[in-house]
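A.B. asks: Pasting a structure below so you can have a look.
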Amino acid sequence: MAAEDGNANALSPLLSINPKEGLADAPGCFCIRFSPDQQYVAGSFADGSIRIYSSSTGRQAYTLQAGAVTEPCTAVRFRPTNAQSKTKNVLLAASSDGSVSHWHITSGNKLHTVTEDGNQVEWY
């Protein structure tokens, strides 16, 4: 698909992500998403972590993880921003325990979590 729309070169740094940066030894990636400005790509992993990479260099820029998480993070989405947004760089993450968390990427802080027990969250 990327080659068809002319963005194949934008993906080339990601194809050479350094294994020492954590992707090669990652325990199963469930979902990847580009940020709205295309500067970052976030991945959700089976160990509950969220790893955010620079799309221009392929290097890992941020890791988000709340304590000793045992539930997989199954989906991620960047929150769209606009001129009225008070908080920038926010990511939504769904976990297999039915929770959805708001993360502030640059500080690494979890802002809020909503949980619905017994319900796995899925995004398409």
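The values are calculated or read from the model by the stated rules, or taken from the named source; none is laboratory data. Note that the structure is a prediction, hence the values are computed from the model and not measured. Neighbour counts are summed over all protein chains in view; Cβ atoms, including those assigned to glycine, are modelled from backbone coordinates with ideal geometry. Heavy atoms of the whole protein, side chains included, go into the accessibility calculation; ligands, DNA and RNA do not. Shrake-Rupley method; radii C 1.70, N 1.55, O 1.52, S 1.80 Å.
A.B. asks: Of all residues in the range 40-58, which are open to solvent by less than 50 Å² (accessible area, probe 1.4 Å), part of a strand (DSSP E or B) and not β-branched (Val, Ile, Thr)?
C.D. replies: Ala42, Gly43, Ser44, Phe45, Arg51, Tyr53, Ser54
A.B. asks: Taking Lys86 and the conditions (1) open to solvent by 70 Å² or more (accessible area, probe 1.4 Å); (2) touching a residue at least 24 places away in the same chain (Cβ under 8 Å); (3) out of contact with any Ser or Thr (no Cβ under 7 Å at 6 or more places or on another chain), which numbered condition does it fall short on, given that it satisfies the others?
C.D. replies: Only one criterion in (1) open to solvent by 70 Å² or more (accessible area, probe 1.4 Å); (2) touching a residue at least 24 places away in the same chain (Cβ under 8 Å); (3) out of contact with any Ser or Thr (no Cβ under 7 Å at 6 or more places or on another chain) is unmet by Lys86, namely (2).
A.B. asks: So which of Ala75, Ala66, Ala61, Ala93 is modelled with pLDDT under 85 and either small (Gly, Ala, Ser) or surrounded by 14 or more Cβ atoms within 10 Å (Cβ to Cβ) (or both)?
C.D. replies: Values: Ala75 fails: modelled with pLDDT under 85; Ala61 fails: modelled with pLDDT under 85; Ala93 fails: modelled with pLDDT under 85.
The match here is Ala66.
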